[in-house]
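Rule-based calculations on the coordinates, nothing more; no lab input. Every value quoted in this text rests on a predicted model; they were computed, and no experiment measured them. Cβ placement follows ideal geometry from the backbone for every residue including glycine, while neighbour counts extend to all protein chains displayed.
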Amino acid sequence: MVWRQAGPNVKGRMVPYTAENVSPDMSFLEMLDVVNESLIRRGEDPIAFDSDCREGICGMCSLMVNGVAHGPEHGTTVCQLHMRCFKDGDTIAIEPWRAQAFPVVKDLVVNRSAFDRIIAAGGYISVNVGGAPDANVIPIPKNVQERAMDSAACIACGACVAQCKNASAALFLSAKVGHLSRLPQGQVERERRVVRMIAQHDAEGFGNCSNEGECEAVCPKEISMLDIVAMRKEYMRANLGKREEA
Ligand code: FES
């Protein structure tokens, strides 16, 4: 069963298809490619879905599989999900991310540019241009760099939003804030980063986090909810300490 929706303002519906000649070693997206080839042969409109790297690093693939963001395998993007996870004859429900802030473009493709605007609001660091500095010129303790890199693993796929009953992007947001605010390079904008990114998150229509934990459960990069705790501390620090300059 696949969600078919011709455009953003058109009503969609689940449509049954039979996937034939599917090998257990195919990825989930390869299975969809096979279904699309048969649709094209029949002169029908192929199913629109997003993908790019197909190796779990770009965050483009974005499918609800049987009601679970990225499907049944823990810590796996849907492009790395394989058909051996299903039984021959299974019925699989495939839907797009569902969130007001991720409007459907067509079929399984949603517009995730809200994430780009959150990053533009503060997910960056300022550096002086010029010659490249020597590697390791800024010493960073191992535990700090490892914690920052854990957060940097977020691929901004949006699974956290899709699975959350509040459609909150708190896990994504906290990973991006946490990654930069832990590192020396991220200190210049530290206070205004968290304030501006949270303001943009709310303006985009994402909901508030109520500690459901669904985000952490489906995150393909296993970002921890502890990042959300750390982000709240960052937000308090920014508001109670140095005030944001306009
Ligand atoms: S297609 Fe790049 S992460 Fe799935």
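Just a few scattered comments:
- Treating each Cα of the range 81-161 as an identical point scatterer and summing with the Debye formula, the log10 of I(q)/I(0) at q = 0.15, 0.17, 0.18, 0.26 Å⁻¹ comes to -0.86, -0.95, -1.00, -1.29.
- Using distinct alpha-carbon pairs, which all enter the 1/r mean, Kirkwood radius of the range 3-56 in Å: 12.6 Å
- Rounded, prolate or oblate (a/c below 1.5 giving rounded, otherwise prolate when a/b exceeds b/c) for the range 1-111 by Cα gyration tensor: oblate
- Dipole axis of the chain (+1 Lys, Arg; -1 Asp, Glu on Cβ), positive-most option in S168, P24, L108: S168
- Calculated log₁₀ intensity ratio I(q)/I(0) where the Debye formula runs over C-alpha points of the range 112-240, q = 0.16 Å⁻¹: -0.76
- Cysteines in the chain that lack a partner Cβ within the 4.7 Å cut-off: C85, C154, C157, C164, C209, C219.
- Remark: spin-label model distance V229-D25 equals 4.4 nm, labels positioned 7 Å along the Cα→Cβ axis.
- In angstrom, the C-alpha Rg and Dmax of the chain are 20.1, 64.
- Relative contact order %, the chain, counting alpha carbon pairs below 8 Å whose residues are six or more apart: 19 percent
- For the set K11/K176; K11/K221; K142/K233; K142/K221; K142/K165, the pairs lying more than 31 angstrom apart at their alpha carbons are K11/K176; K11/K221; K142/K165.
- For S210, S51, S126, S151, the sequence from fewest to most other C-beta atoms within 10 Å is S126, S210, S51, S151.
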